[in-house]
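The values are calculated or read from the model by the stated rules, or taken from the named source; none is laboratory data. This structure is a prediction, so every number in the text was calculated from the model and none was measured. Heads up, the Cβs are rebuilt from the backbone with ideal geometry, glycines too, and the neighbour counts pull from every protein chain shown.
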Amino acid sequence: MNMPFNPGRTAHREPFTAFVCDEATAETLRPIAVELGWSPEKVNKGGLRNAVQTLSVSASPNILFVDLSESGDPLNDINALAEVCEPGTIVIASGQVNDVRLYRDLVASGIHDYLLKPLNPDALRDTFAQAQSALNAPKLAEPGTERPHCAVAVIGTRGGVGASTIATSLAWLMSDKHTRSTALLDLDVHFGTAALALDLEPGRGLTDAIENPSRIDGLFIERAMVKASERLAVLSAEAPINSPVISDGAAFYQLQEEMRSAFECTVVDLPRGMLVNHPHLITDIQVAVLVTELTLAAARDAIRILSWFKSNAPQTQVIVVANKVPQAALLEISRKDFEGSIERKIDVLIPFEPKVASQAAKLGKPLAEAGKSTKSLAPISDLAARITAITDSGEHDDKVERAKGAAKANARGASLLSKLTGFKNRMPKKAKK
C-alpha cells in the first residue's frame with residue numbers, strides 16, 4: 001500500500017482520514033490532527049468496517065489511520081482494506097492485541113505501523129511524523145544508465161495464429177533475459193489469455209480502467225497490475241461475455257501512457273480489430289510484431305494489415321513472424337509464395353512444437369520459458385534481442401522496406417490466388433516466343 005510521494009498523483013487526495021471504534025481514541029486523534037494542519041472532522045467512527053465501505057466508493061487519503069479493535073481477524077481484514085485502498089496510502093493501524101507475530105504480519109502486509117491502545121499522544125505524533133517523511137521522500141533512481149522505453153505491439157493476422165503466445169513469451173524474455181521491468185497489456189477484454197498463460201488470476205484492473213478512465217494514474221497501475229515475477233506485471237481481463245465493453249479507446253491509450261512511465265518495456269497484445277477502431281493506440285509503438293501462419297486467409301490479412309501500417313503508422317517498424325510453421329509437406333502456402341504475396345520477407349520463422357506448447361500450458365509458463373532448451377524455438381529469443389536492439393538505438397528504418405514494397409508492380413484487381421501462383425512466376429521476355 002505504501003509508495004514514495006509523487007505530487008502529480010496525490011494532489012487530489014485528502015491528506016488524512018481516520019476510522020476509529022471509540023470516542024476515547026477519537027479524542028486523542030483530533031487535537032494531534034489539528035496540530036498537523038488536518039481537519040478533525042476527518043476522524044470518523046466505525047473502525048475498519050467503515051473504512052472498507054467508505055474507501056470502496058471514494059479516493060484514499062495520503063495517510064489513513066484505522067482502528068482494528070473490533071476486528072476478529074485483523075490480518076485478513078487488513079487484506080480486505082488493501083483491495084479498496086489505493087496504492088500510495090500510508091496506513092497506520094491500532095488495536096488492543098499485544099502480539100509480536102501479529103505486528104510483524106501486519107507490517108509485512110504493507111501497513112506503516114501498528115500502535116497499541118490506549119494511544120500515547122507522543123508515540124502517535126512520532127508515527128505521523130515518520131509517515132509524512134515516508135510520504136514526501138523522493139523516489140530513488142535505479143542505478144545504471146537510463147534506457148529508452150521499449151514499446152511493442154503484437155498483432156495476429158488471424159485468430160489462432162499464436163499472437164498471444166508470442167506476446168507472453170516476449171514479455172517474459174524482456175523481463176528475465178533482458179532484465180527490464182516489463183508490463184504485459186492484454187487488450188482482448190473478454191477472451192484475453194495473458195494471465196491464464198502465466199497461471200495468474202487477471203483481476204478487475206482492466207475492466208475498472210475502461211469503466212472509469214479518469215481513475216487511471218500511476219497509483220491505479222500499481223494496484224491493478226498483477227505481478228508475475230519481480231520484473232514482469234500483467235494487466236488482463238476476463239470480462240463477462242454478456243456485458244459488452246464500450247470504449248472510445250481513451251482508457252487503453254492512458255494505460256499505455258502510465259505504463260511508459262512505470263516500466264522500461266511495454267508489450268501490448270493487440271487484437272487486430274483495434275487497428276480499425278482505435279488506430280491511435282499505435283502512435284507511440286516502436287515495433288509491431290505481426291504474427292501469421294502460412295495460409296491463404298492469413299496472407300490476405302497480412303497484406304491488408306501491412307498496408308494499414310504503411311498508411312497510418314509509418315514510424316512503426318513491422319516485424320513479420322510466421323508462427324507454428326509445420327513441415328514443408330503440410331504447408332498450405334510455401335514460404336516463397338507467401339513472401340511474394342505480401343511483397344516482403346518473413347523476418348522470423350518459428351516451427352510448430354506441439355509438445356512444448358502443451359507442456360507450457362500445463363505448467364502455466366510462457367512458451368519461451370518452457371522451451372528454452374529447445375533449439376527450434378531459439379528464434380523467439382532472437383526476436384526479443386532484435387526488438388531491444390531496435391528500441392535502444394531508436395531505429396525506425398522500415399521505410400526502406402516500405403519503399404521497396406511500394407515500388408514493386410502490383411496489378412490492379414489481381415486476385416490473391418493469382419498473386420500467390422502467378423505474378424512471381426511470369427516467363428522472362430527472352431524466353432517468350
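Summary table below
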| quantity | calculated |
| --- | --- |
| Residue that is over 24 Å from residue 150 (Cα atoms) and at pLDDT below 90, where the choices are 361, 297, 329, 357 | 329 |
| Residue in the stretch 323-337 that is within 26 Å of residue 265 (Cβ to Cβ) and in contact (Cβ under 8 Å) with a residue 12 or more places away in the chain present | yes |
| Unique residue being in contact with a Gly (Cβ under 8 Å, 6 or more places away or on another chain) and within 16 Å of residue 167 (Cα to Cα) when the list is 321, 291, 356, 348 | 291 |
| Top-ranked residue in the stretch 173-184 [being more than 10 Å from the chain's Cα centre (by Cα) and more than 22 Å from residue 362 (Cα to Cα); ranked as surrounded by the most Cβ atoms within 10 Å (Cβ to Cβ)] | 174 |
| Helices (runs of 4 or more DSSP H) wholly inside the stretch 29-129 that include at least 3 residues being in contact (Cβ under 8 Å) with a residue 12 or more places away in the chain and under 20 Å from residue 223 (Cβ atoms) | 47-55, 74-84 |
| Matching entry among 187, 196 (being at pLDDT below 95 and within 13 Å of the chain's Cα centre (by Cα)) | 187 |
| Among residues of the stretch 230-266, those that are closer than 16 Å to residue 194 by Cα, touching a strand residue (DSSP E or B) at 6+ places or on another chain (Cβ under 9 Å) and in a loop (DSSP other than H, G, I, E, B), counted | 3 |
| Count - residues of the stretch 145-168 that are closer than 18 Å to residue 285 by Cβ and of a type in the set (Ser, Thr, Tyr) | 3 |
| Residues that are in contact with a Ser or Thr (Cβ under 9 Å, 6 or more places away or on another chain), of a type in the set (D, E, K, R) and modelled with pLDDT of 90 or more, drawn from the stretch 1-55 | 22, 42 |
| Residues (in contact with a Pro (Cβ under 7 Å, 6 or more places away or on another chain), free of Cβ contacts under 8 Å to residues at least 60 places away in the same chain and farther than 17 Å from residue 267 by Cβ) located in the stretch 166-221 | none |
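Each row is one residue, and each column tells you yes or no for (1) buried (at least 19 other Cβ atoms within 10 Å of the Cβ); (2) closer than 22 Å to residue 171 by Cβ.
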residue: 237; (1), (2): yes, yes
residue: 240; (1), (2): no, no
residue: 244; (1), (2): no, no
residue: 252; (1), (2): yes, yes
residue: 255; (1), (2): yes, yes
residue: 258; (1), (2): yes, yes
residue: 261; (1), (2): no, yes
residue: 269; (1), (2): yes, yes
residue: 275; (1), (2): yes, yes
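A quick yes/no check of all residues on (1) closer than 25 Å to residue 381 by Cα; (2) in contact with a helix residue (DSSP H, G or I) (Cβ under 9 Å, 6 or more places away or on another chain); (3) of a type in the set (Gly, Ala, Ser):
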| position | (1), (2), (3) |
| --- | --- |
| 280 | no, yes, no |
| 283 | no, yes, no |
| 292 | yes, yes, no |
| 295 | yes, yes, no |
| 299 | yes, yes, yes |
| 304 | no, no, no |
| 309 | yes, yes, no |
| 314 | no, yes, no |
